[in-house]
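The values are calculated or read from the model by the stated rules, or taken from the named source; none is laboratory data. Please read these numbers as outputs of a predicted model, since none were measured by experiment. Cβ placement follows ideal geometry from the backbone for every residue including glycine, while neighbour counts extend to all protein chains displayed.
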Amino acid sequence: MKKIAIQGTLGSYHDIAAHKYFEGEEIELICCTTFEDVFKAIRKDSQVIGMLAIENTIAGSLLHNNELLRQSGTQIIGEHKLRISHCFVCLPEEDWSDITEVNSHPIALMQCREFLQQHPNIKVVEGEDTARSAEMIKEGDLKGHAAICSKVAAERYGMEILQESIETNKHNFTRFLIVADPWQVDELSRHHSVVINKASMVFTLPHTEGSLSQVLSILSFYNINLTKIQSLPIIGREWEYQFYVDVSFNDYLRYKQSITAITPLTKELKILGEYAEGKSNI
């Protein structure tokens with residue numbers, strides 16, 4: 001049985017994504033309060049696999065997770081893209097007229113801004129997790145409280161769903177990365193016979209004219225598709241940046257040749273993982 005460390009509690013979107021990615025396999029979830037705790041769980045037990053959100057089509061990138069991933073020494077072994085749909089839920093015996101406060105994760109609240117604006121009398125309070133908000137209302141029998149969470153969480157904690165699909169933008173997807181101790185990568189890859197067609201890397205560049213365009217030109221020459229580029233300032237080094245880059249490709253050999261070609265132009269180049277591109281789960 002695989003042990004999967006997630007941020008959040010049972011019924012959270014990390015829980016849903018883990019079960020979708022490892023569909024048909026037996027998994028045991030290790031629920032962590034923070035993303036730092038996910039990586040601590042992997043350091044404590046190298047058999048543990050981590051799952052973490054890395055970007056959302058509406059909220060953008062989780063920049064802190066990029067840095068945690070780089071520092072952790074873990075490798076990306078896969079990704080999963082999950083359609084996010086939020087529900088407005090409350091205790092079973094309550095109705096719209098009873099609700100005075102809504103609790104949820106800040107990003108979930110942001111994604112439901114238009115819905116919340118239609119209910120100005122309901123106080124909005126940020127919580128640590130979508131599913132945990134529902135769990136706390138149920139455990140504490142908090143009358144007058146509602147939560148924004150997944151349908152899975154609502155059903156798990158026996159909550160009444162007052163309205164489904166309350167997110168402002170229905171094209172709301174979160175991309176999750178599956179990460180593992182480097183010593184486990186080969187073993188896990190043998191069990192998941194997939195075609196590697198995507199990679200994530202991080203590098204710094206000298207502060208010279210055209211340094212980034214040179215790297216991008218080489219990737220283009222080798223028919224490597226740039227799917228994401230994110231720059232983060234390097235703390236303590238003025239106006240120097242780390243570039244987090246995702247690429248996809250059809251020819252693994254050409255990809256390896258492109259990495260060899262850009263290495264002399266970059267500093268501190270690190271491959272964070274090579275894996276199969278995830279399908280969007282509607």
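Some observations on this one:
- Any chance Glu277 is under 23 Å from the mean Cα position of the chain (by Cα) and not aliphatic (A, V, I, L, M): yes
- Looking across Glu67, Glu93, one residue alone is part of a loop (DSSP other than H, G, I, E, B) and not hydrophobic (A, V, I, L, M, F, W, C). It is Glu93.
- Those residues of the stretch 121-144 which are part of a helix (DSSP H, G or I) and of a type in the set (A, V, I, L, M), in sequence order: Ala131, Ala134, Met136, Ile137
- Of all residues in the stretch 128-161, those satisfying the criterion of being closer than 10 Å to Leu91 by Cβ and among the charged types (D, E, K, R) are Lys138, Asp141, Lys143, Glu160.
- Restricting attention to the stretch 114-129, the residues being surrounded by 13 or more Cβ atoms within 10 Å (Cβ to Cβ) and closer than 20 Å to His171 by Cα number 2.
- Candidate set: the stretch 130-152, residues that are touching a Cys at 6+ places or on another chain (Cβ under 8 Å) and more than 15 Å from Pro106 (Cβ to Cβ); chosen: the one surrounded by the most Cβ atoms within 10 Å (Cβ to Cβ): Ala134
- Pick from the stretch 205-242, criterion within 24 Å of the chain's Cα centre (by Cα) and surrounded by 18 or more Cβ atoms within 10 Å (Cβ to Cβ), ranking: nearest to Thr266 (Cα to Cα): Gln242
- Residues located in the stretch 100-142, provided they are under 20 Å from Glu55 (Cβ atoms) and more than 19 Å from the chain's Cα centre (by Cα): Arg113
- Boolean, Ser97 is of a type in the set (S, T, N, Q), over 16 Å from the mean Cα position of the chain (by Cα) and closer than 21 Å to Glu187 by Cα: no
- Within the stretch 104-120, the set of residues being under 20 Å from Ile16 (Cα atoms), of a type outside the set (Gly, Ala, Ser) and not in a helix (DSSP H, G or I) comprises His105, Cys112.
- Qualifying residue in the stretch 171-191 (condition: crowded, with 18+ Cβ neighbours inside 10 Å and free of Cβ contacts under 8 Å to residues at least 40 places away in the same chain): no
- The stretch 235-269, residues that are part of a loop (DSSP other than H, G, I, E, B) and touching a strand residue (DSSP E or B) at 6+ places or on another chain (Cβ under 6 Å): Thr266
- Of the numbered criteria (1) surrounded by 15 or more Cβ atoms within 10 Å (Cβ to Cβ); (2) within 30 Å of Gly140 (Cβ to Cβ); (3) in contact with a Gly (Cβ under 8 Å, 6 or more places away or on another chain); (4) at pLDDT 95 or above, the one Thr74 fails is (2).
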